[in-house]
1. Please list, by residue number, every one of the GluC sites (Glu not before Pro) in region 72-172 that is coil in DSSP and has at most 10 other beta-carbon atoms within 10 Å.
2. Tabulate in residue order the Karplus-calculated ³J(HN,Hα) for region 117-133, using 6.51 cos²θ - 1.76 cosθ + 1.60 with θ = phi - 60°, rounded to whole Hz; enter x for Gly and Pro.
3. Toward the positive end of the charge dipole of region 101-295, about the Cα centre and with charges on Cβ (Lys, Arg +1; Asp, Glu -1), which of PRO225, ILE288, GLY130 goes farthest?
4. Quick one: what Rg and Dmax do you get for region 68-157 from the alpha carbons, in Å?
5. If you roll a 1.4 Å probe over the heavy atoms of the protein chains, what accessible area per residue do you get for region 193-305, in Å²?
6. Read phi for every residue in region 284-290 and hand back ³J(HN,Hα) as whole Hz from Karplus 6.51 cos²θ - 1.76 cosθ + 1.60, θ = phi - 60°, with x for Gly and Pro.
7. Return one quarter of the surface area of the convex hull spanned by the alpha-carbon atoms of region 101-295, equal to its mean projected area, in nm².
8. Give me a comma-separated list of calculated 3J(HN,Hα) values for region 76-91, in order, Karplus coefficients 6.51, -1.76, 1.60 applied at θ = phi - 60°, integers in Hz, x for any Gly or Pro.
Amino acid sequence: MASKLAPDVSPDIAPSVAPSVAPNVAPSVAPNFTRMRTTARTRRLPRSRSLQVVLQWASLAVCVLAWHWVTTHRVHLGIVNFENVPSPAQTLDAAWALLQSPKLAHHLASSLQRVAWGYVIAAIIGVVCGVAIGRASWARIALLPPLEVLRPIPAVAWIPLAILMFPSSELSMIFITFTGALFPILLGTIHGTESVDARLIASARSLGAGRWDVLREVVLPGAAPGIVTGLAIGMGTSWFCLVTAEMISGQFGIGYYTWESYTVQRYPNIVVGMLIIGLLGMGSSVLIRFVGQRLTPWRTSAGGR
């Protein structure tokens with residue numbers, strides 16, 4: 001019976017139903033559904049962004065209010081004592097005095113120059129070695145063991161050796177900054193390189209791509225998220241290590257300013273130096289992420305889908 005119905009139904013129904021339903025339904029329903037989804041998304045985005053901004057500023061306000069309360073009431077919590085901690089008002093006065101001082105430009109220029117040199121050198125070496133370790137077994141065997149031994153060494157431990165190795169304190173501080181930024185960039189690059197799908201590499205080779213073509217067109221774009229993350233983290237650690245070096249062997253710089261404020265007992269200036277370091281580290285890391293997003297537009301489009 002089924003074999004008898006099939007020839008009778010398909011010639012009569014298919015030509016009459018398919019042209020009348022498909023052209024009328026698909027063009028009318030699908031675009032409307034797409035427009036409805038896009039409209040709903042555009043309606044939700046401003047609200048979510050505004051809510052995020054409000055929550056971010058609210059969290060900062062809560063932290064400042066808590067800081068003001070514990071310092072003005074001289075809170076003593078046993079092992080934690082806020083009696084000698086400067087208040088937000090005292091810190092604001094010290095920040096205003098520093099803004100009017102000509103020393104601020106010297107401090108900022110010295111720190112920025114040291115971070116820039118150390119970070120750029122670390123970025124070049126970290127990305128090159130990370131790609132080599134992630135792609136070549138000989139590089140992993142030869143480079144990874146000594147790097148893993150050196151990675152846990154803190155920046156403070158490098159300072160005496162850096163002073164002995166380099167003829168000037170400026171070069172030693174740049175070296176400390178370099179060591180702080182190198183390992184996050186290296187690990188991020190290794191992780192990003194190893195996470196590239198092997199099927200993409202095999203597909204590129206099957207289409208006739210050479211070794212450098214695969215590296216340029218497949219490996220580096222696929223490893224870009226890990227590289228950008230490592231670059232952003234390396235920027236923050238480079239500021240941390242620079243401040244440590246400036247506290248010991250610097251004459252100008254934000255770290256030296258912070259340590260000098262402690263030695264002369266200008267406690268509000270200590271908080272000012274800490275906040276400047278935090279803002280510079282956060283701003284430079286945000287800048288690295290922004291540049292990384294601009295250089296990897298496929299990540300944004302993929303996330304939008």
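1. Those that pass, being in a loop and sparsely packed, are GLU83.
2. Residue by residue, region 117-133 yields 5, x, 6, 5, 5, 5, 5, 5, 5, x, 5, 5, 5, x, 5, 5, 5 Hz.
3. Of the listed residues, the answer is PRO225.
4. Rg, Dmax (Cα atoms, Å): 22.6, 62.
5. Each residue of region 193-305 exposes 59 Å² on average to a 1.4 Å probe.
6. 5, 5, 5, 5, 5, 5, 5
7. Here the figure is 12.5 nm², rounded to one decimal.
8. These are the phi-based 3J(HN,Hα) values: 10, 10, x, 7, 10, 10, 9, 5, 9, 7, x, 7, x, 5, 5, 5 Hz.
The values are calculated or read from the model by the stated rules, or taken from the named source; none is laboratory data. The structure displayed is predicted, hence computed values, not measured ones. Note: ideal-geometry Cβ built from the backbone for every residue, glycine included; neighbour counts use all protein chains shown. Side chains are part of the model used for accessible areas, which takes the heavy atoms of the whole protein and leaves out ligands, DNA and RNA. Shrake-Rupley method; radii C 1.70, N 1.55, O 1.52, S 1.80 Å.
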